[in-house]
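One structure follows; several queries about it will come next.
The values are calculated or read from the model by the stated rules, or taken from the named source; none is laboratory data. No experiment lies behind these values; they were computed from the predicted model shown. Positions of Cβ are generated from backbone atoms using ideal geometry, with glycine treated the same way; all protein chains shown enter the neighbour counts. We work out accessible area using only protein heavy atoms, side chains counted, and drop any ligands, DNA or RNA first. Shrake-Rupley method; radii C 1.70, N 1.55, O 1.52, S 1.80 Å.
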Amino acid sequence: MYCTKSKIGDRIYIAHDSASAPQRSEERKPKKGASEQPLRTNRGEHDLSDYVTLTLADGEVKQVLKRSGSNNAVFLDWLSFSVNITGWLKSDGDKCFTDDDIARAMSAKLEEIFGQGFGISKKNPHGMNFHRDSYVIGESWGLFCIGHRNNRFLVTISGDGWLNASPDSAVKLHEYLTLLNKNGADVRLSRVDLAADYYEGVCTHEEFAEAYHRGDFVRQRQHLQNKDAWSSYQIIGCIHTNRGREAGITHAIGVRTSDLYLRCYDKGRQLGDKSSSWQRVELEIKSKDTLISLDVLINPEQFFCQYQWLKNLRNSDANRFETKVKRAEITVQASMEVIKTQFGKYLRVLRGLYDTDKELLDLLESDSTDYPKRLAKIAPQGFTPLHRQEVRNFTPFQDLTDLASSVFGCAEGQGFSFSH
């Protein structure tokens with residue numbers, strides 16, 4: 001049970017330029033290791049010109065990634081953010097007393113922000129991401145997790161979620177999270193994926209390798225002559241055979257545990273089209289050593305070009321609606337190829353044994369109404385969101401106003417009770 005009168009210690013962020021940092025107060029000593037010197041992170045040592053340095057009230061040093069321009073049609077492909085529960089209760093949860101109440105309230109808010117179908121569809125029988133309880137958002141479009149020891153809940157919206165979200169959802173989410181921050185909810189973005197689609201391809205595998213050896217993925221230009229300081233480069237898949245290329249190749253810069261991880265991969269071939277030239281370039285940003293600004297929600301293109309190679313990309317002519325339609329077409333075609341390859345001979349023989357195709361298909365189709373995993377993304381919504389489900393025995397307090405005001409901090413005559 002949560003009490004809305006709990007006092008929280010909000011973090012104070014003090015932004016300063018690395019060249020002219022303000023002097024710290026005598027009373028406040030920095031944490032051990034806090035320094036104005038170049039920071040050593042899992043990306044290697046780098047100077048502060050690529051970042052704005054922030055010193056938190058407790059002396060901890062953080063970095064904020066600087067923006068850089070881009071003309072690409074960049075979109076959000078993944079987002080994870082956490083919110084302090086005590087601050088959220090003061091701002092948006094005045095009638096919530098349990099974790100399920102908070103989940104129900106967030107179900108309504110997510111549907112308001114992202115559109116129909118984005119309510120919480122079910123509760124998982126297990127927790128996730130170090131949280132005690134987890135809930136599914138929409139048709140597996142994200143997760144809502146609660147019950148962490150740090151008194152925060154987590155919301156994750158996946159790539160499929162953003163693909164099906166309303167066009168103005170990022171703007172609405174930015175407004176909502178900004179409001180929560182103003183009210184002391186301490187919103188933090190923990191992961192953001194930015195992507196751009198190129199239906200005619202953006203480069204060959206040989207060109208990508210040449211760009212790496214040319215130094216186009218070195219963010220600190222003073223490291224150009226020291227290849228040991230360069231980000232790691234991985235090729236996932238086989239580029240030496242036609243079969244390997246038809247299955248799709250991924251080029252990756254960095255490692256998954258670093259704050260920046262860049263992927264360029266054959267999206268169309270990943271979905272099953274062996275001859276597709278559709279490529280996706282994706283930049284994954286984490287908050288391990290980087291504070292991610294909420295502005296990435298409304299200006300993703302300004303945070304995208306963190307490497308010279310990204311700045312050299314030609315403009316993308318893709319948009320989210322075209323991507324959604326194209327993916328559905330490839331998925332359906334790939335499903336038909338599976339049936340033809342595995343059962344095509346059986347169908348040709350059986351078709352001659354029945355009077356009509358309908359009679360044969362009626363006998364062959366499954367009795368289950370579930371969509372196969374490959375086609376699940378085009379299935380219609382088939383659930384009632386949590387906030388629209390009936391609340392069991394929900395009644396207002398009658399003669400228990402003293403209990404309501406003393407236990408929950410509500411004003412006299414206000415409050416709610418649950419009976420089971």
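Taking Ile292 as meeting all but one of (1) modelled with pLDDT of 85 or more; (2) under 25 Å from Gly215 (Cα atoms), write down the number of the exception.
With respect to (1) modelled with pLDDT of 85 or more; (2) under 25 Å from Gly215 (Cα atoms), Ile292 is out only on (2).
Of the conditions (1) closer than 16 Å to Cys264 by Cα; (2) out of contact with any strand residue (DSSP E or B) (no Cβ under 9 Å at 6 or more places or on another chain), Gly159 satisfies every one except a single condition; which number is it?
Against the list (1) closer than 16 Å to Cys264 by Cα; (2) out of contact with any strand residue (DSSP E or B) (no Cβ under 9 Å at 6 or more places or on another chain), Gly159 comes up short only on (2).
Which of the residues belonging to the range 163-201 are outside any helix (DSSP H, G or I), under 23 Å from Gln306 (Cβ atoms) and either among the small types (Gly, Ala, Ser) or open to solvent by 20 Å² or more (accessible area, probe 1.4 Å) (or both)?
Arg188, Ser190, Arg191, Ala195, Ala196, Gly201
Also, I was wondering about something else. Of the residues Ser158, Ser121, which is farther than 19 Å from Arg388 by Cβ and open to solvent by 10 Å² or more (accessible area, probe 1.4 Å)?
From the options Ser158, Ser121, the qualifying one is Ser158.
Every residue in the range 130-146 that is closer than 16 Å to Ile102 by Cβ and part of a loop (DSSP other than H, G, I, E, B), please.
Within the range 130-146, His131, Arg132 meet the criteria.
Within the set of pairs 6 or more residues apart or between chains, which connect a residue that is within 15 Å of Glu175 (Cα to Cα) inside the range 77-94 to a residue that is assigned to a strand (DSSP E or B) with Cβ atoms less than 7 Å apart?
Phe81/Val155; Phe81/Arg188; Phe81/Leu189; Phe81/Ser190; Val83/Arg152; Val83/Phe153
Would you check which residues across the range 297-339 are under 21 Å from the mean Cα position of the chain (by Cα), modelled with pLDDT under 80 and of a type outside the set (Val, Ile, Thr) and list them?
Ala318, Asn319, Arg320, Phe321, Glu322, Lys324, Arg327 - these are the residues of the range 297-339 that are under 21 Å from the mean Cα position of the chain (by Cα), modelled with pLDDT under 80 and of a type outside the set (Val, Ile, Thr).
Then there's this: Got at least one residue in the range 73-80 being open to solvent by 30 Å² or more (accessible area, probe 1.4 Å), farther than 21 Å from Ile298 by Cβ and small (Gly, Ala, Ser)?
no
Search the range 154-166 for residues that are under 18 Å from Met128 (Cβ atoms) and pair each with any residue that is at pLDDT 90 or above and part of a helix (DSSP H, G or I) when their beta-carbon atoms are under 9 Å apart and the residues are at least 6 apart or on different chains.
If the second residue must be at pLDDT 90 or above and part of a helix (DSSP H, G or I), the pairs left are Val155/Met106; Val155/Leu110; Ile157/Leu110; Ile157/Phe114; Ile157/Ser169; Ile157/Leu173; Gly161/Phe114.
I'd like to verify a number: residues in the range 202-217 that are open to solvent by 10 Å² or more (accessible area, probe 1.4 Å), over 25 Å from Ser275 (Cα atoms) and touching a residue at least 24 places away in the same chain (Cβ under 8 Å), how many?
Looking only at that region, the number is 2.
Among the residues of the range 202-223, count how many are outside any loop (DSSP other than H, G, I, E, B) and in contact with a helix residue (DSSP H, G or I) (Cβ under 7 Å, 6 or more places away or on another chain).
Residues in the range 202-223 being outside any loop (DSSP other than H, G, I, E, B) and in contact with a helix residue (DSSP H, G or I) (Cβ under 7 Å, 6 or more places away or on another chain): 2 in total.
Suppose we filter the range 224-268 for residues that are within 19 Å of Gln306 (Cα to Cα), open to solvent by 20 Å² or more (accessible area, probe 1.4 Å) and either assigned to a loop (DSSP other than H, G, I, E, B) or in contact with a His (Cβ under 8 Å, 6 or more places away or on another chain) (or both); how many remain?
Matching residues across the range 224-268 total 12.
So the check is Cβ under 6 Å with 6+ separation or different chains; which pairs have a first residue in the range 336-358 that's at positive phi and a second one that's surrounded by 12 or more Cβ atoms within 10 Å (Cβ to Cβ)?
If the second residue must be surrounded by 12 or more Cβ atoms within 10 Å (Cβ to Cβ), no pairs are left.
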